[in-house]
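Structure record follows, encoded as structure tokens.
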């Protein structure tokens, strides 16, 4: 008796993907649309001139850094001491990792002694009372060009963070501003599942218990990580069939990996299917690394379809009444090792090294792990000198 299994029509799809949720952008404004932008406000504090949007500028001559528009204050025309205020829409920066305000201001060499400037203030309410100056940037520069100005807002991460830009004229040249943004600039801990060790892409996955073994790689720049949380789940037919959490601790250098056994799930299809992919999802978060603020979150998944057709011979038998003289029917016991019902299979068999006529069994309906005895042909066992023993081997091919 012998079981030889031939795996055909089996499919494994290893479609792995990793997505990282990286540093957040809280605001981008290029002053190409309506002015002031939605949720913003402008007002004259003193003098006769307010912030406005222009497509080109004079005194000095310039054009927008990008796009078709730029913010402008007429400090060339406004008497010294004139001021206008631009208030940005409030932002929730409570979870931001080193948020930085950035904008470009046009600098020029005209009127070097006139300190026309843009002052930046921050408050937790929409009020000038209690606001804090966090930056002041003069128009004058020895070379005419666009210059980036930045302000670190780490100490001003409020649920409602109000940012105020006050233009102050000292009766020099005009001031122009473009490409304002607020982005996270701090280093966050980051790790991701970069490989699924199990299941693997080089072999089908038989029905039954499937281990989930992965490689966790440190993606944090020039910094070791010491902890990470990996949440995982397995979905079949849009339903979660298994899930768990793995809390890793250790010491892992940048771009190094560690192998983790996250858990396991049972791959098994109903007899009628659907025979679609099982999807293993992982989410890596709460990465701990020295000198970082917060953690990026990464998502990875792999799609796996198991062995759908798998059969084998578990025994060879004669008739129920036993072997006797003359031609004797030969029965083999076929077992279905796959979740999909076994409907047909080829059975090949050998007696004393001589292959007999192959038998094709159709019209079967053998369930997963079920067996059925099938007569594959007849053989005259007593036509041998000396008598016995006989060596009979049988195996299956092309299930379904």
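For the reader, a short list of remarks on this structure follows.
- C-alpha center-to-center spacing [the range 210-256, the range 39-85] in angstrom: 52
- Rg to Rh, two decimals, where the range 261-400 supplies the alpha carbon set and Rh follows Kirkwood: 1.30
- Burial ranking of peptide ranges 106-116, 232-242 (average Cβ count within 10 Å, highest at the top): 106-116, 232-242
- The separation of the range 330-394 from the range 96-146, counted between C-alpha centres, amounts to 87 Å.
- For the chain, the relative contact order works out to 19 percent when only alpha carbon pairs closer than 8 Å and six or more residues apart are counted.
- For Rg and Dmax of the Cα atoms in Å, calculated from these coordinates, the label among [x] 20.9, 62; [y] 37.4, 125; [z] 27.8, 88: [y]
Bear in mind that the values in this text are calculations on the coordinates, not laboratory data. Just so it is clear, the model here is predicted, and its values are computed rather than measured. Glycine also receives a Cβ, built like all others from the backbone with ideal geometry; neighbour counts cover every protein chain displayed.
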